Amino acid sequence: MHTLVAATRNQGKIREIKSLLPDFELLSLDDIGFLEETPEPYDTFEENAHTKARAVYNFCGKDVFSEDSGLCLPALQGAPGVHSAYYGGLPRSDAKNNEKLLNDLIGIEDRSAYYKAIVCLIWKGEVHYFEGRCYGKIAEKPSGSNGFGYDPLFIPDGYTQSFGELPISEKQKLSHRGNAIRAMLDFLHKQV
Ligand code: ITT
C-alpha cells in the first residue's frame, strides 16, 4: 500500500479524504510530527495549496498532497473564496462564517454559489494540481449537521436538501473535494 501524507488540519476534510482514498495509507500531520501552522497568505487556491504541500514536503520528503478550498459567490465578486475559513473573523468559526454570508446576501437575489477545491500533490518531487467544483445555491437559513463549514447553507444543484442534511456518501459523489481527489486518484493509479 502506498503512503501519502495528507497536509491538512481540518477534521472535516480529513474524514472525507479518508473515505475517498481507501487504497492508500494516509499519514496525518500529527503522524509525521509536523506541528507548525502554515500561513495561507495568497489570493489563489493554487498558491495556498502549494505552500502547504511544500512546507510538509520540505519537512518529511514523503509524497504529500494538500487541498485549498472555499465557497465562491458570483454575486459577492467571488467571496468568501480563498478567505472562506475565516470569513466571519478570527478566531475562525463555522457559525460566524455562515452568519456573515447570510447577512451579506440580504437584499441580493442571486444566491448561486460554487465550492472549489485545488489539490496540490508533490509526487516524487514533482508538483501536480487537480481541480474540483460543485455548483449550487445558498439557502435562506442553515439546516442539518452533516459535513462542516458552509454545508448547512449549501444546496447542490438538482437537490432540495443542503450538504448539512444529505448523507456524507451523497456529498462525496458530488463535491468539489470528491471531484478533485478522484482526478488525483486517476493520476496516481497510472503511477503505482
Ligand atoms: P487546512 O488548510 O488545514 O487544509 P482549512 O480549514 O484552513 O484547513 P482552507 O484554508 O482550504 O482549509 O479553507 C477551506 C474553508 O472553506 C473551510 O474552512 C470551509 O469554511 C470552506 N469549505 C471548503 N470545503 C468545504 C466543504 O466541503 N464543506 C463546507 N465548507 C467548506
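The values are calculated or read from the model by the stated rules, or taken from the named source; none is laboratory data. This one's a predicted model, so the numbers in the text were calculated from it and none came from an experiment. Note that we place each Cβ from the backbone using ideal geometry, even for glycine, and neighbour counts take in every protein chain shown. Just so you know, the surface numbers come from the protein's heavy atoms only, side chains and all, with ligands and any DNA or RNA stripped out. Shrake-Rupley method; radii C 1.70, N 1.55, O 1.52, S 1.80 Å.
A few comments on the model shown:
- Fully extended contour minus Cα-Cα distance, from residue 170 to residue 18, at 0.36 nm per residue: 53.2 nm
- When the chain is treated as a Gaussian network with alpha carbon springs shorter than 10 Å, the biggest mean-square fluctuation among 86, 150, 159 belongs to 159.
- Dimensions (Å) - the chain, Cα atoms, principal axes, largest first: 50, 31, 24
- R0 of 35 Å, Cβ-Cβ distance residue 110-residue 28: FRET efficiency to nearest 0.05: 0.35
- Mean residue ellipticity, 222 nm, helices only, the chain: the sum of -39500 (n - 2.57) across DSSP H runs of n ≥ 4, divided by residue count and rounded to 500, is -9500 deg cm²/dmol.
- Max mean-square fluctuation residue, GNM over the chain, Cα-Cα springs under 10 Å, options 180, 49, 95: 95
- Whole-number accessible area per residue in Å² for the range 1-127, which is evaluated in the context of all protein chains at 1.4 Å: 49 Å²
- Compared with the direct C-alpha span, the chain from residue 145 to residue 35 gains 36.7 nm at full extension, assuming 0.36 nm per residue.
- Label point distance in nm, residue 102-residue 189, each placed 7 Å from Cα along Cα→Cβ: 4.1 nm
- Applying both filters, DSSP loop and at most 16 other Cβ atoms within 10 Å, to the GluC sites (Glu not before Pro) of the range 125-155 gives 140.
- Share of carbon and sulfur in the accessible heavy-atom surface of the range 1-40 [1.4 Å probe, %]: 50 percent
- Only protein heavy atoms count here; under a 1.4 Å probe, residue 128 has an accessible surface of about 50 Å².
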